[in-house]
Amino acid sequence: MSGLNKGVGKVEVALKWDPAPTGEPAHDLDIVAAVFTADDLHGTPAQLVHFGSRSPDGTITLHRDSRTGQGFGYDEVMTLELDRLAERYVRVVVGVAIQQGGGRVVFGRIPQTSVRVSQGYTELLTDDFTDAADATAATVVEFVRDASGWTLRPLRRAFDADPATFGALMGSPAA
């Protein structure tokens, strides 16, 4: 890296939402990160990190996984150590998918959704999924590596896809 610009290094993506009303199926939202190589920037992710997994080198880890949104503050937290990712990885897309086990649920039906991307104590991006009210999944941010390091870019795209399909679509180019 050159000059005083350190770029983006280690970031945290945190997600929160309110639980479903009593008697309704639980709202289960999941943070998903897709890692791409220069050879396939928009195709099949070289790595897909979500609940129950982490990147093979330990640079992307989901620390908290909630299936209900119950708790105080942020319910799911994922750490991305971009500065430790191998050189062949040049793009990371992060999004959120809603599990559809209890019937079709969209962001607009889940109260108080919020995602925050931060580096240390610095908040880099927040989103409340207002633009994705009718969607079941949405991308939030992408990190792109160039010669000077990693850069954050908001990437707000809504999808009507189940979590498995979303993982394959989230890095695709915008239509």
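Remarks
- Figure legend. Inter-residue proximity from segment 98-109: first residues on the phi > 0 side of the Ramachandran plot, second residues open to solvent by 60 Å² or more (accessible area, probe 1.4 Å), beta-carbon distance below 8 Å, spacing 6+ or different chains. Indicated pairs: Gly103/Pro25.
- Residue match in segment 37-53 (condition: among the β-branched types (Val, Ile, Thr) and at pLDDT 95 or above): yes
- The residue that is surrounded by the most Cβ atoms within 10 Å (Cβ to Cβ), among those in segment 142-172 that are hydrophobic (A, V, I, L, M, F, W, C) and closer than 20 Å to Glu87 by Cα, is Phe143.
- Tally of residues being of a type in the set (Ser, Thr, Tyr) and under 11 Å from the mean Cα position of the chain (by Cα) across segment 136-150: 1
- Candidate set from segment 19-56 (those that are open to solvent by 40 Å² or more (accessible area, probe 1.4 Å) and in a strand (DSSP E or B)); member that is nearest to Gln100 (Cα to Cα): Leu48
- Gly102 meets the conditions (1) modelled with pLDDT of 95 or more; (2) open to solvent by less than 60 Å² (accessible area, probe 1.4 Å) in every case but one. The failed one is (1).
The values are calculated or read from the model by the stated rules, or taken from the named source; none is laboratory data. Worth saying up front: this structure is predicted, and the values here are computed from it rather than measured. Note that each Cβ is placed from the backbone with ideal geometry, even for glycine, and that neighbours are counted across all protein chains shown. For the accessible areas, the whole protein counts, side chains as well, though only heavy atoms, and no ligand, DNA or RNA atoms are used. Shrake-Rupley method; radii C 1.70, N 1.55, O 1.52, S 1.80 Å.
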